[in-house]
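> Encoded as structure tokens, here's the structure I'll be asking about.
The values are calculated or read from the model by the stated rules, or taken from the named source; none is laboratory data. If you're wondering where the values come from, they're calculated on a predicted model, not measured in any experiment. Ligands, DNA and RNA are excluded from the accessible area calculation, which covers all protein heavy atoms including side chains. Shrake-Rupley method; radii C 1.70, N 1.55, O 1.52, S 1.80 Å.
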Amino acid sequence: MATLLLISLVSCLVAVNQASLINRCDLAKVLHQEDLDGFEGYSLSDWLCLAFVESDFNITKVNENTDGSFDYGIFQINSHYWCNDYKSHTENICQVDCQELLSSNLLSIINCAKKIVSGAGGLKNWVKWRLHCEGRPLSYWMTGCHLA
């Protein structure tokens, strides 16, 4: 009986964990539908690279920073500047609750990311993008993805 309970618990945890991940090509389709291909000069490959280096394509990732702020969602958007988490001081520039950035429909996080990229620095606002994506060949991120 205990073994059956343990197996059920592990199965639930695996299902919950998998539910928060999005497939690379599925993400590419959503980003394409939301007009991010070419947005402010960045390709879908740039956005896919950003999502991978920030969250490993984990839609619900939350990370606590040393300054007490939190990073939310697939693009790890910071609560100090961009969203309201009701935990730390925020400027809430995107005018959104941080929990909305964890939604599986991705619209809130995409709209906030567009606002960030439209400002000074573009994708350079993300340190991991600068370190791992900027200036590198990125076309392989779209390999096997069919947008139509």
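> Return the long-range amide H neighbours of Leu21 (sequence gap of 5 or more, or a different chain), with a cut-off of under 5 Å between placed amide H atoms.
Ile59
> Whole-Hz Karplus ³J(HN,Hα) for the range 98-114, in order, using 6.51 cos²θ - 1.76 cosθ + 1.60 and θ = phi - 60°, x for Gly and Pro?
3J(HN,Hα) across the range 98-114, in whole Hz: 4, 4, 5, 6, 9, 5, 5, 7, 6, 5, 5, 6, 5, 5, 5, 4, 4.
> How do Asp97, Asp71 rank by accessible surface area computed with a 1.4 Å probe, from largest to smallest?
Asp97, Asp71
> Now for a separate question. Probe radius 1.4 Å, ligands and nucleic acids left out: which of Thr143, Thr60, Thr66, Thr90 has the largest accessible area, and how do the rest follow?
Thr66, Thr143, Thr60, Thr90
> With θ set to phi - 60°, apply the Karplus curve 6.51 cos²θ - 1.76 cosθ + 1.60 along the range 25-37 and write out the HN-Hα couplings as whole Hz, x wherever there is a Gly or Pro.
6, 5, 5, 4, 4, 5, 4, 5, 4, 8, 6, 8, 6
> Do you know the relative contact order of the chain, to the nearest whole percent, from alpha carbon pairs under 8 angstrom that are 6+ apart?
Value for the chain: 22 percent.
> Assuming a viscosity of 0.890 mPa s and a temperature of 25 °C, what translational diffusion coefficient in µm² per second does Stokes-Einstein assign to the range 79-148, Rh being the Kirkwood radius over Cα pairs?
176 µm²/s
> Quick query: amide H of Asn84 versus all other amide H atoms, modeled in the peptide plane; which residues come in under 5 Å with a sequence gap of 5 or more or a different chain?
Close amide H contacts, sequence-distant or interchain: Val96, Asp97, Cys98.
> Same structure again: Give the total of Lys-Lys pairs in the range 19-142 with Cα-Cα distances below 19 Å; include a pair only if its members are 8 or more places apart or on different chains.
Within the range 19-142, the lysine pair count is 7.
> Something else: Tell me, what is the Rg over Rh of the range 19-142, with Rh the Kirkwood radius over Cα pairs?
Reported Rg/Rh, Kirkwood definition of Rh: 0.94.
> Ignoring ligands, DNA and RNA, what accessible area per residue does the chain give at 1.4 Å, in Å²?
I get 56 Å² per residue for this part.
> Now a separate question. Give me the percent of the accessible area of the range 19-142 that comes from carbon and sulfur atoms, probe 1.4 Å, all protein chains in place.
Result for the range 19-142: 47 percent of the exposed heavy-atom area is carbon or sulfur.
> Quickly estimate the mean residue ellipticity at 222 nm for the chain, helices only: each DSSP H run with n ≥ 4 gives -39500 (n - 2.57), and the total goes over all residues, rounded to 500.
The helix-only estimate for the chain comes to -12000 deg cm²/dmol at 222 nm.
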